[in-house]
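The values are calculated or read from the model by the stated rules, or taken from the named source; none is laboratory data. What you see is a predicted model; the values in this text were computed from it and never measured. A quick note on method: Cβ atoms are made from the backbone with ideal geometry, for glycine too, and the neighbour counts reach across all protein chains shown.
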Amino acid sequence: MKCYISKLFNRKPLEFIGTIFSVLNTVIAVVGIWFVVVQIGNLRDSLDSEAYNAVSTQLYDLDKVFVEKPNLRPYFEEGRKIDPSISDEMRNDILAYATLKLDFIEDYYAQ
């Protein structure tokens, strides 16, 4: 093998050097493709993590409303119907929270 390479180099040195560069270019291209695939995987993991954090933050904000206004919980957790005799302020609070919840659901499915 060594003798064959030596003879090839002695007879056609430019062709031999060209072949070596072709092999090196192929190796570099394969390593580059592997690097891109790894980076795409890392990017996907990062995006998944960011989406999870965004959803967690929004859920936390929704839960904070129940802590601040515990009288809203039965309407959303227990399925209590809105009584026509409740105050306008309470009705507005229920509708505002329902809007927040729908916005969250929309954002969740948009991700």
Odd one out for Gly18, checked against (1) surrounded by 10 or more Cβ atoms within 10 Å (Cβ to Cβ); (2) over 26 Å from Tyr109 (Cβ atoms); (3) at pLDDT 90 or above:
(3)
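Considering only residues of the stretch 89-111 that are charged (D, E, K, R) and modelled with pLDDT of 90 or more, which is nearest to Arg44 (Cα to Cα)? Walk me through it before giving the result.
Taking the stretch 89-111 and keeping what is charged (D, E, K, R), we get 89, 91, 93, 101, 103, 106-107.
Add one more test, that the residue is modelled with pLDDT of 90 or more, and what stays is 89, 91, 93, 101.
On the way: Glu89: 44, Arg91: 42, Asp93: 38, Lys101: 27 Å.
The extreme case among them is Lys101.
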If I filter the stretch 62-99 down to residues being of a type outside the set (A, V, I, L, M) and in contact (Cβ under 8 Å) with a residue 12 or more places away in the chain, which single residue comes out as surrounded by the fewest Cβ atoms within 10 Å (Cβ to Cβ)?
Asn71
Please tell me if Asp45 is part of a helix (DSSP H, G or I) and either farther than 22 Å from Glu106 by Cβ or charged (D, E, K, R) (or both).
yes
Kindly provide the set of residues from the stretch 83-111 that are farther than 13 Å from Val65 by Cα, outside any loop (DSSP other than H, G, I, E, B) and not hydrophobic (A, V, I, L, M, F, W, C), ordered by number.
Asp88, Glu89, Arg91, Asn92, Asp103, Glu106, Asp107, Tyr108, Tyr109
